[in-house]
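Just so you know, all these numbers are worked out from the coordinates, no wet-lab data involved. Computed from a predicted structure; not experimentally measured. Because the Cβ atoms are built from the backbone with ideal geometry, glycine has one as well, and the counts that use them run over all protein chains shown.
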Amino acid sequence: MLSKSQIGFIKSLHQKKFRKENGIFIIEGIKSIIEFVPSAYHIHSIYYLAEYKSLLPNLPSNIKLFEVNNAELDKISTLQAPQGILALVHIPKSVPVNDKVLQNTFSILLDGVQDPGNLGTIIRTADWFGFKNVICSLNTVEVYNPKTIQATMGSLCRVNIFYQNVSELLEKVNIPIFGALLEGKSSYEMEWGNEGILILGNEGQGITTEVKKFIQFPVTIPRVGLAESLNVAISAGILCSDISRNFKK
């Protein structure tokens, strides 16, 4: 049985303020936990219904285990329908991206993406297409938001996430910079090469003027119908597919 202080602590992690103060975030579901165990992330503790214990992989001895009942899980879960098990994970130390990490590969840069579901889906998409780096502007939604974590479906443990001043980064990198705009060269005709940064903008406002000036290769997804725009996560999927297909040639 969990104490009131334990329940209160875990519930506090539903809020960004306390995740930041304590350096801990929540992941839920056995699939995500299995993927995080061997990753570079460090799991603090796991809370599970009795029937989930046998599903756990071999765990390091420093991970604390707590069996809970349904009422307790309902209180500590961020989900309306809890998945039977959750874990607290240490937030890794934030470091700026190393320029060398961006060479000979493609990375995604997000300029002010605000919806946590979109961010999570973009991270999952990056993982699917083999993109190892997602760089976020300082005003992009927090990656440890529970909705973002759920949308990544475990992909967060395989994709490097960076938060930093993106203008300062773009000013000094020496690789091609592509930007998703309504007016640009067709993504079907773009010569992507073998390295670069793909910039995607805010859901409503797109890429900011400050960041747009660094774009060397504006790219657009050809429109056939009458929709005014595409969701940023869908755009990421289409463009990552184009880049990945070209990269394998």
Next item on the list: Please give the helix 232-247 orientation as an angle from the longest Cα principal axis of the chain, in degrees from 0 to 90, rounded to the nearest 10.
Entry: 70
Item checked: Inter-label distance for Lys213 and Ile238, nm, one decimal - labels placed 7 Å from Cα along Cα-to-Cβ -> 2.9
Next item on the list: Rounded to the nearest Å, what's the spacing between the alpha carbon centres of segment 197-249 and segment 51-90? Just the number, please.
Entry: 38
Notebook entry, point to check: Once you charge only the Cβ atoms, +1 for Lys and Arg and -1 for Asp and Glu, what is the size of the charge dipole of the chain about its Cα centre, to the nearest 20 debye?
Noted result: 480
Next item on the list: Note the angle between two axes, namely the Cα long axis of helix 116-128 and the longest principal axis of the Cα atoms of the chain, as a number of degrees from 0 to 90, rounded to the nearest 10.
Entry: 80
Next item on the list: For the chain, build the charge dipole from Cβ charges (+1 Lys, Arg; -1 Asp, Glu) around the Cα centre, then report which of Leu79, Thr140, Leu182 sits farthest towards its positive end.
Entry: Leu79
Next item on the list: Considering only DSSP beta bridges where both residues belong to the chain, give the percentage that are antiparallel (nearest 5).
Entry: 30
Checklist line | Computed label-point distance, nm, for sites Lys20 and Lys147 using a 7 Å Cα→Cβ extension | finding: 1.8
Next item on the list: Using just the alpha carbons, could you tell me how many Å³ per residue the convex hull of segment 83-153 encloses?
Entry: 101
Item checked: Spin-label pair Arg245/Ser61, simplified geometry with 7 Å Cα→Cβ offset, distance in nm -> 5.3
Margin query: For a test of the definition: using alpha carbon positions, the gyration tensor, and the 1.5 limit on a/c, classify the chain as rounded, prolate or oblate.
Written below: prolate
Checklist line | Computed [θ] at 222 nm, helices only, for the chain once each DSSP H run of length n ≥ 4 contributes -39500 (n - 2.57) | finding: -8500 deg cm²/dmol
Next item on the list: Using a Förster distance of 51 angstrom, determine the FRET efficiency expected from the C-beta separation of Ser39 and Glu171, and round it to 0.05.
Entry: 0.95
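Classify segment 99-247 from the C-alpha gyration tensor, please: rounded if a/c falls under 1.5, else prolate or oblate depending on whether a/b exceeds b/c.
Since a/c stays below 1.5, the shape of segment 99-247 is classed as rounded.
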Check: For segment 138-157, list residues with backbone N below 17 Å from a point placed 7 Å from the Cα of Gln80 toward its Cβ?
Finding: 146-148, 150-151
Check: What is the count of Lys pairs in segment 4-90 whose alpha carbons sit under 16 Å apart, if the two are 8 or more places apart or on different chains?
Finding: 5
